[in-house]
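Here's the structure we're looking at; comments come further down.
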There are 2 protein chains.
Amino acid sequence: MITRRIAMAASALTAVVPISAPKAAPMTQPALAPTDVTLRLARHIVAAKAADLPAPVRHEVSRALLNWIGVAIGASRHETIEIALRAIKPFAGPPQASLLGRNDRLDIMNAAMLNGISSHVFDFDDTDLSTAVHPSAPVAPALLALAEYRPMSGSDFVLAMAMGIEAECRIARAVVPPHTDIGWHPTGTCGVFGSAVAMSKVLGLDENRMAHAIGLAATQPVGIREMFGSMTKSFHPGRAAQSGMLSAFLAEQGYTSSDHGIEAKRGWANILSTRQDYTAITDGLGDQYEIMRNSYKPYACGLVVHPVIDGCIRLREAHKLTPAMIARIDVDIHPIVMELTSKRTPATGLEGKFSVYYAAAVGVVAGVAGERQFSDAAVKDPVTVALRDKVLPKIDSSLRQDQARVRITLTDGKALDQFVEHAVGSVENPMTDSQLEAKFKDLVAGIIPAGKVQYLIDLCWKAETLKNAGDIARAATA
Amino acid sequence: MITRRIAMAASALTAVVPISAPKAAPMTQPALAPTDVTLRLARHIVAAKAADLPAPVRHEVSRALLNWIGVAIGASRHETIEIALRAIKPFAGPPQASLLGRNDRLDIMNAAMLNGISSHVFDFDDTDLSTAVHPSAPVAPALLALAEYRPMSGSDFVLAMAMGIEAECRIARAVVPPHTDIGWHPTGTCGVFGSAVAMSKVLGLDENRMAHAIGLAATQPVGIREMFGSMTKSFHPGRAAQSGMLSAFLAEQGYTSSDHGIEAKRGWANILSTRQDYTAITDGLGDQYEIMRNSYKPYACGLVVHPVIDGCIRLREAHKLTPAMIARIDVDIHPIVMELTSKRTPATGLEGKFSVYYAAAVGVVAGVAGERQFSDAAVKDPVTVALRDKVLPKIDSSLRQDQARVRITLTDGKALDQFVEHAVGSVENPMTDSQLEAKFKDLVAGIIPAGKVQYLIDLCWKAETLKNAGDIARAATA
């Protein structure tokens, strides 16, 4: 009781501190202590230059951008978006920015939120495998919306996106796994930092104001895991994109916050995790780039079933298989696969994502496993259903999670074997640029005009050379 | 590593669940388990009727409303608001709702946020002493903004405000003190529930959709204590008001969330506290009302120094004291007072709030201690400074925190004693209605036209009888 009273009294005593007028940048910056985590991060990002980014980093930003735009356009007509748009539209501001895959335009705050939601509806966006952060969804929507409102070069866009991803993934690495185990959804809780930092970089905030933008982000963590399985999961990166954007605009105008939002005793990391490894945030800045660990999903379902799909597609292609040729499909899998995807007779697209039987069959029948292959209609296709019933999974505890062994026995008795060492999309076996293009084309088909598809792909590949990054947004509409 | 991989895989497997079309309300509601905390709360609030509210509860809503509008108008020209408005305005929607104390109009989402910030800039708003939640700041701004956009009766407004406060304070009681000790600012983290519930009540959401609004609120906790001492502290109730409003609008349109956002294993209470007493949320609903514990601050500074100011004002009034009559002021105080407010020579208004010397002097000189008495100019007033140097505090550990003993010795040698048993504004000695009116008048003077002040006060007192609660907002502008 005493403790509470003191805390309350102390709280009641605090008040707004006066802000100082913007100053000219000092010739030499004040020294920072190793414990000044927020300020060290801010200082690095303020100083970062496009020319410093290694070519593979710049190319990886293009890959992330292409993948992100594809999944966001792909989900842009989903009822999740229709509902959110209905809820928000009466209160939205001027038509400043595009909704990807649509013809609606909203103010940039709401556009960032809606495009952030679209990014994650299919759960098909990029993943930082070591933290489970989906890096692009909270960052790219904020940046792209801003690019339509306040023109920025492609080079600035690429740098800001790299820096946003740098911040959110490093901050996540400082606090996982306990952060996630406690129940937070790091794509939202860490993503808000990514958005705030990327926005602050483009707005040209100085070190102090960028630290305050980070502080404002720290006080707005969004996303708890109880929401998985509902539309609220995809709300997380959407609100994170918007909250980070708001943080940057407030800080830009001089709204004050803490310089120690991440590391303070009652700061973000201590409150949201039982583990704080601040070296993950401050070590190797500018030497290692988080985006180089980024991974992309080739198949629109849980990662655990990817090796099986992979093996089936490889055999299909190597032997020009058709369903009629096949007598049975044996798959040896890691135990987790049966734990999570043991549904024998999926009745909906969503159930199809939880069926290793369906996943193997669709790999053989379609040769791809995009969102389209997990529609309610697709899982009822008679040819695929017939093949699905010939799939025989067997648990093999000696396999890693990204491995699988597939044996397809033909009606003529011949057996075809495929061992998958690393599924496509793993860090060891990343999707190629052309695989990313194919995924993109599959996602956007029928949503944006066919004539614009290759143009948009090209814009992503040459993003860093664009005069105006907003061109990407304008090309991504319906 | 395995654990993380599994979590990630599971995450990657989840997807959006289809929503069902709205159904007609069933004749009998499904039974709820005692563990269905979110649904029990939602069911109670859906069923609540204005006619069920006891008269003292309705009157307390008017008191909270009057106090809240006063502090929000009082802070409406503070640089915190100027900055936030500059940051937000370019992206705001149609001019649907008023900013209190100003002539600006914004869309209701942004108006709720800005008015929520104004509510807390002075830290002079109402307090639930057992949880340190400031109940009105996250709830009233959302409701009042909505009232201008979608007309609602005063009776509906009063009921919704009572229900919002009910939800946020009960949820806070379930998780404090650990929730606050960990570092959360419950006015933001719990306030978002207050806003979501109040909005959902007025929008007429059914039990399921109200539960989803609560779920959306649960995933957006705002406010960490590291931000105390900066403008970001007052951002917390502002963003909470807006996030709750957004939650309600999303749920209204069918955006899905969890039915167990509060109590689930990876729900709000388990993630944000080490203590979960769900009976604080579900017991006695409709019998006890949280707003009956609400308290209002008479003085614009920390609670610990209130008993001293109280004693000084009582002696001033009883003996018609003027500074020239006074030789010395002895004050016996609880140890916490010297711990927090020992500044001898405050140079700014903010420092004045941390000076028991100044506080005692200003009580005698001014007879009030509002925000005006804690301005930079006021603390330099020569008469008050001279008297301040005659204040002699002494620690008395036998005193409670809301007690003080004041002895004023006159220049003629006569000594006047005043023992304060409970400071004004404590639950045992609440501010009277006329004291609330005086506080209101002091706060709004010079900001809204003098001719509107009494009219606005009267609107608050008769809030429950208004045809259109939006009249209050329109009367509260400059």
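Only the coordinates and a few stated rules stand behind these numbers; no lab work does. Because the structure is a prediction, the values reported are computed rather than measured. Ideal geometry is used to build each Cβ from the backbone, glycine not excepted, and the neighbour counts take in all protein chains shown.
What is the log10 of I(q)/I(0) for segment B:202-293, computed with the Debye formula using one identical point scatterer on each Cα and no solvent, at q = 0.12 Å⁻¹? Treating every Cα as an identical point scatterer, log10 I(q)/I(0) equals -0.47. Normalised Debye scattering of segment A:66-127 at q = 0.18, 0.23, 0.24, 0.28 Å⁻¹ gives log10 I(q)/I(0) of -0.55, -0.87, -0.93, -1.20, counting only Cα atoms as equal scatterers and leaving out solvent.
Helix-only arithmetic for the protein assembly as shown: the sum of -39500 (n - 2.57) across DSSP H runs with n ≥ 4, divided by the residue total, places the mean residue ellipticity at 222 nm at -15000 deg cm²/dmol. Helix A:191-203: angle to the longest alpha-carbon principal axis of chain A, degrees 0 to 90, nearest 10? So the helix axis and the longest Cα principal axis differ by about 60 degrees.
Take the Cα of B:SER375, step 7 Å toward its Cβ, do the same at B:ALA31, and the gap between the two points is 6.5 nm.
With the Cα gyration tensor of segment B:428-478 giving a ≥ b ≥ c as the square roots of its eigenvalues, does the rule (a/c under 1.5 for rounded; else a/b larger than b/c for prolate; else oblate) give rounded, prolate or oblate? Don't skip to the answer; put the middle values down first.
On the way: a/c = 2.71, a/b = 1.18, b/c = 2.29.
Oblate.
What is the local net charge at B:ALA386, summed over the other residues whose Cβ is closer than 15 Å to its Cβ (Lys, Arg +1; Asp, Glu -1)?
On the way: positive: B:ARG328, B:ARG344, B:LYS380, B:ARG388, B:LYS390; negative: B:ASP381, B:ASP389.
Neighbour charge sum, excluding B:ALA386 itself: +3.
How do the peptides B:262-274, A:442-454, A:81-93 rank, highest first, by the average count of neighbouring beta carbon atoms within 10 Å per residue? Before the final figure, lay out the partial values.
Details: B:262-274: 21.7, A:442-454: 16.0, A:81-93: 19.9.
My ranking of the peptides, most packed first, is B:262-274, A:81-93, A:442-454.
Percent of C-alpha pairs per 5 Å bin in segment A:107-159, short distances first: 4, 20, 25, 21, 19, 9, 2. Between B:ALA415 and B:LYS462, the FRET efficiency from the beta-carbon distance, with R0 = 41 Å, is close to 0.30. Across all C-alpha atoms in chain A, the radius of gyration and Dmax reach 23.6, 84 Å. Counting, for every residue in B:79-86, the Cβ atoms of other protein chains within 10 Å of its Cβ and taking the mean gives 4. If you take the square roots of the eigenvalues of the alpha-carbon gyration tensor of segment A:35-295 and sort them as a ≥ b ≥ c, do you get rounded (a/c under 1.5), prolate (a/b over b/c) or oblate? It comes out rounded by the Cα gyration axes.
Using the eigenvalues of the Cα gyration tensor, what equivalent ellipsoid semi-axes result for the protein assembly as shown when each is taken as the square root of five times the eigenvalue, whole Å, largest first? Don't skip to the answer; put the middle values down first.
Values: eigenvalues 606, 168, 119 Å².
In descending order, the three semi-axes are 55, 29, 24 Å.
Using mean Cβ contacts within 10 Å as the protection proxy, how do B:215-225, B:186-196 order, highest first? Before the final figure, lay out the partial values.
On the way: B:215-225: 29.8, B:186-196: 34.1.
Listed from highest to lowest mean packing, they are B:186-196, B:215-225.
The rotation axis taking chain B to chain A passes closest to the C-beta of one chain B residue; that residue and the distance in whole Å read B:GLY93, 2.
So for segment B:289-356, Kirkwood radius off the Cα pairs, Stokes-Einstein at 10 °C and 1.306 mPa s: how many µm² s⁻¹?
115 µm²/s
Amide H contacts for A:HIS185 (H built 1.01 Å from N in the peptide plane; partners 5 or more residues away or on another chain; cut-off under 5 Å): A:ILE224, A:ARG225. Compared with the dominant principal axis of the Cα atoms in chain B, helix B:79-88 is inclined by about 20°. Once the gyration tensor of the Cα atoms in segment A:326-373 is diagonalised, the equivalent ellipsoid follows with semi-axes of 16, 15, 10 Å, ordered largest first.
Between copies, the label points of A:ARG86, set 7 Å from Cα on the Cα→Cβ line, lie 4.0 nm apart, reported in increasing order to one decimal in nanometres. With label points defined 7 Å past Cα in the direction of Cβ, position B:GLY284 shows copy-to-copy spacings of 5.5 nm, given to one decimal and shortest first.
Our compactness index for segment B:165-207, the C-alpha radius of gyration over the empirical 2.2 N^0.38 Å, is 1.27.
Using θ = phi - 60° in the Karplus curve 6.51 cos²θ - 1.76 cosθ + 1.60, the 3J(HN,Hα) couplings for segment B:215-232 round to x, 5, 5, 4, 8, 10, x, 10, x, 10, 6, 4, 7, 4, x, 10, 4, 5 Hz; x is entered for Gly and Pro. Taking a ≥ b ≥ c as the square roots of the Cα gyration tensor eigenvalues, with a/c under 1.5 meaning rounded and otherwise prolate when a/b beats b/c, else oblate, which class fits segment A:303-420? Oblate, since a/c reaches 1.5 and b/c is not below a/b.
Ranked from shortest, the separations from the 7 Å Cα-to-Cβ label point of B:THR465 to its equivalents in the other copies are 7.6 nm.
Computed log10 I(q)/I(0) for segment B:182-238 at 0.19, 0.24 Å⁻¹: -0.65, -0.85, from the Debye equation with unit scatterers placed on every C-alpha and solvent omitted.
Averaged over peptide A:176-185, the number of partner chain Cβ atoms lying within 10 Å of each residue's Cβ comes to 3. Across segment B:246-381, the fraction of Cα-Cα pairs farther apart than 18 Å, rounded to a whole number, is 68%. Could you give the angle, 0 to 90 degrees to the nearest 10, between helix B:450-461's Cα long axis and the longest principal axis of the Cα atoms of chain B? With both axes taken from Cα atoms, the answer is about 60 degrees.
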